Amino acid sequence: MSKALITSFSKKLIAWHGLHGRAGLPWQNNLDPYAVWVSEIMLQQTQVATVLERYPRFMKRFPTVKQLAAASMDEVMAEWAGLGYYSRARNLHACAVQVVERFAGKFPNDPVLLEQLKGIGRSTAGAIAAFAFHVRAPILDANVKRVLARIFAIEDPIEEKAVNDRLWNLAGELLPSQAKDMPTYTQALMDFGATWCTSRGPVCLSNNHQCPFSKDCQANLSDQVLILPRKRIKAKSPEFNCDMLLMRSGNWVLLQKRPSKAIWGGLWSLPESSWSARAGARTNDLQSQELFALTLPDSLAPQSLKTTEPLKRGPQIKHVFTHRRLWMQIWELSVAKPIEWGDADLQWVSLRQLGQYGLPQPIKVLLQGLSLIRDGV
């Protein structure tokens with residue numbers, strides 16, 4: 001490994017950022033650790049374009065960590081709805097409570113203490129410490145791993161623990177010597193991986209720009225740019241079926257709160273059956289009592305109710321998660337009047353209030369398609 005490159009790496013990257021780095025993002029040049037933290041969590045596994053739209057809205061709704069901690073989980077989930085990976089929202093709220101209770105509402109500047117907070121991993125802790133407190137702490141997200149694996153020819157799969165440890169050590173060696181340079185350097189490293197050293201279209205293969213590491217990058221010199229970093233071959237994502245009950249009574253619709261540790265945990269969705277391995281679409285129709293038995297708790301499934309129309313087969317929706325695919329068969333039923341369930345997790349919600357509830361994106365799209373959610377209500 002070139003000592004000269006280790007020494008010059010941060011300087012080259014900072015110089016590159018002055019010419020080509022991203023500017024004007026709403027979370028940039030912000031020394032407020034709360035604002036930095038929210039942006040870092042929101043940017044995990046979410047496209048920048050989406051965060052550009054949602055981040056200002058979230059910060060307006062919860063401008064301080066104390067206000068976020070004081071909010072209900074339903075309020076937070078409603079604001080997070082559509083961003084996916086909902087454990088992030090649950091952890092965000094739990095972390096805010098920890099900061100208020102353990103640190104009097106002020107984020108610690110020590111990455112080790114930051115990492116002990118709910119939902120903050122080592123890389124996020126490093127980013128908060130670097131941006132908000134100018135601490136010399138490394139980051140190592142997916143983009144940074146790709147940059148380092150290419151430039152320093154790390155050829156083993158990056159998922160392996162030994163490789164990950166090596167990357168962390170390398171990230172620490174590459175830090176600028178001056179703490180004052182940490183915000184710019186950290187942003188530069190993120191930007192370089194996100195915009196120039198991308199997974200499929202790095203600039204070194206397009207000749208549109210001169211990469212500052214073109215003469216140092218081992219992947220470039222050995223024609224392995226699109227080969228590195230190596231990843232383990234993923235198994236095919238499993239597919240599942242489930243049935244969902246869309247029950248309406250006039251201007252009311254039945255929603256069920258998802259268990260906190262389930263998929264879409266903490267959101268409000270349609271009552272659903274257990275998932276089963278997909279062997280094809282459901283071909284048989286269901287009767288109302290069969291559907292109740294599948295989707296509602298045994299103690300609550302009504303034995304008889306007055307319906308205004310028979311059970312109707314609705315659309316089938318496919319939703320792709322990170323590691324699985326779900327096919328949801330919707331069954332529509334109208335009842336004469338809302339049923340009293342005696343269960344806080346089952347609620348009849350007015351159509352005018354649907355926009356105030358955190359809904360999984362495919363369910364939100366479904367209800368919008370059925371004209372159940374209207375803009376501005």
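The values are calculated or read from the model by the stated rules, or taken from the named source; none is laboratory data. Quantities reported herein were computed from a predicted structural model and do not represent experimental measurements. Note: ideal-geometry Cβ built from the backbone for every residue, glycine included; neighbour counts use all protein chains shown. All accessible areas refer to the heavy atoms of the entire protein, side chains included, with ligands and DNA or RNA removed. Shrake-Rupley method; radii C 1.70, N 1.55, O 1.52, S 1.80 Å.
Note that the stretch 133-147 has calculated 3J(HN,Hα) couplings of 10, 6, 7, 7, 10, x, 10, 7, 8, 4, 5, 5, 4, 5, 4 Hz, one per residue in order, obtained from phi through the Karplus relation 6.51 cos²θ - 1.76 cosθ + 1.60 (θ = phi - 60°); glycine and proline are x. Kindly write out, for the stretch 71-85 in residue order, the coupling ³J(HN,Hα) from the Karplus curve 6.51 cos²θ - 1.76 cosθ + 1.60 (θ = phi - 60°), rounded to whole Hz, with x marking Gly and Pro. Values, residue by residue: 6, 7, 4, 4, 5, 5, 5, 5, 6, 8, 3, x, 8, x, 6 Hz. Extension gain, HIS209 to PHE240, is 6.6 nm, computed as 0.36 nm per intervening residue step minus the present C-alpha separation.
Accessible surface for THR64 stands near 60 Å², nearest 10, in the context of the full protein assembly shown (1.4 Å probe). Using only side-chain charges placed at the Cβ, +1 for Lys and Arg and -1 for Asp and Glu, the dipole size of the chain relative to its Cα centre rounds to 560 debye.
Extending 7 Å from the Cα toward the beta-carbon at both PHE321 and THR307 defines two label points whose distance is 2.9 nm. Computed with a 1.4 Å probe on the full set of protein chains, the accessible area for LYS318 sits at about 100 Å².
The label point for ASN169 and the one for GLU155, both projected 7 Å from the Cα toward the Cβ, are 1.9 nm apart.
For the chain, the Kirkwood estimate of the hydrodynamic radius, built from every pair of different alpha carbons, is 23.6 Å.
Eigenvalues of the alpha-carbon gyration tensor of the stretch 156-274, scaled by 5 and square-rooted, set the equivalent ellipsoid semi-axes at 45, 20, 17 angstrom, largest first. In the stretch 74-157, Rg over Rh equals 1.07, where Rg is the alpha-carbon radius of gyration and Rh the Kirkwood radius from pairwise Cα distances. Here the stretch 78-218 was treated as a single set of alpha-carbon atoms; its pair distances binned every 10 Å from 0 give 11, 33, 34, 17, 4, 0 percent.
Along each principal axis, taking the top coordinate minus the bottom one, the Cα set of the stretch 1-137 gives 52, 32, 24 Å in descending order. Other residues within the sphere of radius under 15 Å centred on the Cβ of LEU291, judged by their own Cβ, net out at -3 (K and R +1, D and E -1).
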